Amino acid sequence: MAVKEDVIDILNTIIGEDITDQMDDDFFDSGLLDSMATVELLLDLESKFDIQAPVSEFNRDEWNTPNKVIAKVESLIG
Amino acid sequence: MLNLQPYADPKYFIILLVALLPLAIGLYFGKRLNWYEVVVSVIFIFLMFDGHKYHEGFALIGYIIWQWLLVWAYTLYRKKNNHAMVFYGAVVLGILPLVLVKIAPGAHWTHVTSLLGFLGISYLTFRSVAMIMETRDGAIKDFNPWLFLRFMLFMPTISSGPIDRYRRFIKDITTVPDRTKYISMLEKAVWYFFLGFLYKFIISHILVDELLPQITNFALQDAHLHNGWTWWLIPYMYTWGLDLFFDFAGYSLFAVATSYVMGIELPMNFNKPFLSKNLKDFWNRWHMSLSFWFRDYIFMRLVFLIMKKKWIKNRVTVSNIAYIVNMLIMGCWHGLHWYYIAYGLFQGVGMVINDAWLRYKKKHNFPHNKFTEALAIVITFNVVMVSFLLFSGFLDTLWFK
């Protein structure tokens with residue numbers, strides 16, 4: 001599961017703390033991720049996985065936890 | 001001639017609910033009466049823009065044809081090509097009618113551009129410009145002329161929002177909520193109607209019809225004697241600021257409640273904004289459909305562009321620039337008056353300071369308890385009220401009129 005580890009790596013770097021113990025926590029509610037960090041996340045995912053993740057695809061209800069981000073990336077690669 | 005302004009008086013609510021009753025019965029039995037809904041919507045929109053407002057009605061029709069052709073043409077183009085300049089051109093053409101109307105008050109050709117204006121033009125512009133942007137991103141692939149019209153002319157929100165999103169809206173309008181869900185939507189609708197009555201017809205009425213005229217009088221007389229300064233500005237600020245909330249939140253509740261009756265889950269506009277702990281929190285709770293629109297279509301896209309093109313490396317600088325640009329555009333959107341621009345700048349600088357503070361707080365493990373939280377709420381509330389005083393334009397009346 002290289003995708004999972006890579007996504008976690010990217011999230012950890014952007015958020016600045018380890019998120020592995022909060023894989024299903026909503027990081028918009030907790031304030032860990034704001035709009036600025038979200039764009040960084042999209043850009044990092046784009047370059048790392050060579051996928052298209054424009055802002056329009058970004059629906060907060062579908063991208064709000066680390067596990068959901070992983071699922072999204074997997075679906076965009078697949 | 002009968003002219004009905006949305007949610008203006010008890011008569012409107014009675015006519016509205018009677019007209020929507022067949023639709024509600026249909027939805028309850030699992031059927032969406034599309035044609036009935038269209039006819040009712042057209043009649044209500046007609047009654048908004050008839051009589052002495054007929055010129056606005058013509059402006060609305062012209063505007064809708066313009067946006068309809070524009071979004072259609074861009075969608076056709078986008079299927080074959082994707083040049084940035086064409087995209088920017090389409091956005092500019094989408095905003096053009098609004099820009100002409102907003103700058104008209106100061107220009108020489110007022111008599112021409114004022115013909116283009118109608119109540120709700122800025123809210124419709126948000127909807128169509130968002131469609132152009134999502135079409136560019138490939139999130140909207142086809143132009144459906146019929147659904148486009150239903151989205152743009154959705155009756156409960158036509159004059160002042162909340163601002164819905166095309167993809168969300170068509171999901172609702174092309175389906176029927178199941179019965180349990182629809183019943184819970186009706187329950188909420190009843191609650192929102194009554195809360196709206198309390199906000200708009202009781203609280204806002206007291207603030208703006210009973211209190212504000214007197215405070216305004218005292219302020220003007222006192223300021224006249226003291227070179228433009230008066231302590232009456234403080235009660236004016238709180239009264240006007242609170243009224244802005246109760247009036248607009250009341251209106252938004254009516255729009256949401258009406259659309260729930262129609263089986264459409266319109267997004268909410270307010271979420272206890274005066275309990276915000278900081279300015280960022282405030283913009284997640286205040287006029288949410290507008291602030292999220294600016295977040296998604298201006299702030300995030302601008303940050304995306306700057307970082308993708310690597311124009312600026314430092315992420316703090318990028319976000320600060322984006323905050324200021326975002327809030328300035330929002331200020332200008334209200335109209336090109338110095339106090340709206342100042343309001344935008346105030347909010348932009350406020351967001352920059354707020355972000356710096358949040359970073360500092362995180363780095364230094366600042367103490368956090370009930371007391372600091374209450375203090376944060378009080379400070380945020382007052383900062384917001386000062387910004388609303390600017391926004392009210394009363395300083396303009398006081399100093400420059």
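Cβ-Cβ distances below 8 Å connect the following pairs, each with a first residue in the stretch B:171-183 that is among the hydroxyl-bearing types (Ser, Thr, Tyr), a second residue that is modelled with pLDDT of 95 or more, and a separation of six or more residues or different chains: B:Thr174/B:Leu147; B:Thr175/B:Arg32; B:Tyr182/B:Leu27; B:Tyr182/B:Tyr28; B:Tyr182/B:Val176; B:Tyr182/B:Gly263.
Residues of the stretch A:8-21 that are away from chain B (no Cβ under 11 Å), surrounded by fewer than 16 Cβ atoms within 10 Å (Cβ to Cβ) and assigned to a loop (DSSP other than H, G, I, E, B): A:Asp18, A:Thr20, A:Asp21. Would you check if B:Tyr54 is surrounded by 14 or more Cβ atoms within 10 Å (Cβ to Cβ), aromatic (Phe, Trp, Tyr) and at negative phi? The answer is no for B:Tyr54. Taking the listed residues A:Ser56, A:Ser75, the one that is away from every other protein chain (no Cβ under 14 Å) and under 21 Å from B:Arg167 (Cα atoms) is A:Ser75, with no other qualifying. Out of all the residues in the stretch B:223-234, is one or more closer than 30 Å to B:Glu373 by Cα and touching a residue at least 12 places away in the same chain (Cβ under 8 Å)? Yes, the stretch B:223-234 has at least one match. Scanning the stretch A:29-53 for residues that are in contact with a helix residue (DSSP H, G or I) (Cβ under 9 Å, 6 or more places away or on another chain), more than 9 Å from chain B (Cβ to nearest Cβ) and assigned to a loop (DSSP other than H, G, I, E, B) yields A:Leu32, A:Leu33, A:Asp50, A:Ile51, A:Ala53.
Considering only residues in the stretch B:31-46 that are in contact with a helix residue (DSSP H, G or I) (Cβ under 9 Å, 6 or more places away or on another chain) and aliphatic (A, V, I, L, M), the one that is farthest from B:Gly117 (Cα to Cα) turns out to be B:Leu33. Restricting attention to the stretch A:24-45, the residues that are over 11 Å from the mean Cα position of the chain (by Cα), on the phi < 0 side of the Ramachandran plot and not polar (S, T, N, Q) add up to 8.
Exactly one residue out of B:Ile234, B:Ile329 is closer than 25 Å to A:Ser35 by Cα, surrounded by fewer than 19 Cβ atoms within 10 Å (Cβ to Cβ), out of contact with any strand residue (DSSP E or B) (no Cβ under 7 Å at 6 or more places or on another chain) and away from every other protein chain (no Cβ under 14 Å), and it is B:Ile329. Considering each residue of the stretch B:236-244 in turn, at least one proves to be more than 21 Å from the chain's Cα centre (by Cα), under 30 Å from B:Ala356 (Cα atoms) and in the same structural domain as B:Val383 (by TED's automatic domain parsing).
Here the stretch A:24-70 is the region considered, the condition is being over 23 Å from B:Tyr323 (Cβ atoms) and touching a Ser or Thr at 6+ places or on another chain (Cβ under 9 Å), and the residue that is surrounded by the fewest Cβ atoms within 10 Å (Cβ to Cβ) is A:Asp24.
For the stretch B:281-290, name all the residues that are of a type outside the set (A, V, I, L, M, F, W, C) and either crowded, with 20+ Cβ neighbours inside 10 Å or not assigned by TED's automatic domain parsing to the domain that holds B:Asp247 (or both). Matches in the stretch B:281-290: B:His287, B:Ser289.
Of the residues examined, B:Ile65 is not one that is outside the structural domain of B:Ser289 (by TED's automatic domain parsing) and within 19 Å of the chain's Cα centre (by Cα).
Within the stretch B:387-401, residues that are assigned by TED's automatic domain parsing to the domain that holds B:Leu225 and touching a residue at least 40 places away in the same chain (Cβ under 8 Å) sit with their Cβ atoms under 8 Å from residues that are of a type in the set (S, T, N, Q) and part of a helix (DSSP H, G or I), at 6+ positions apart or across chains, in these pairs: B:Ser387/B:Gln347; B:Phe394/B:Thr216.
The values are calculated or read from the model by the stated rules, or taken from the named source; none is laboratory data. Nothing here was measured: the structure is a model prediction, and the numbers come from that model. Methodologically, a virtual Cβ is constructed for each residue, glycine included, from the backbone with ideal geometry; neighbour enumeration extends over all protein chains shown.
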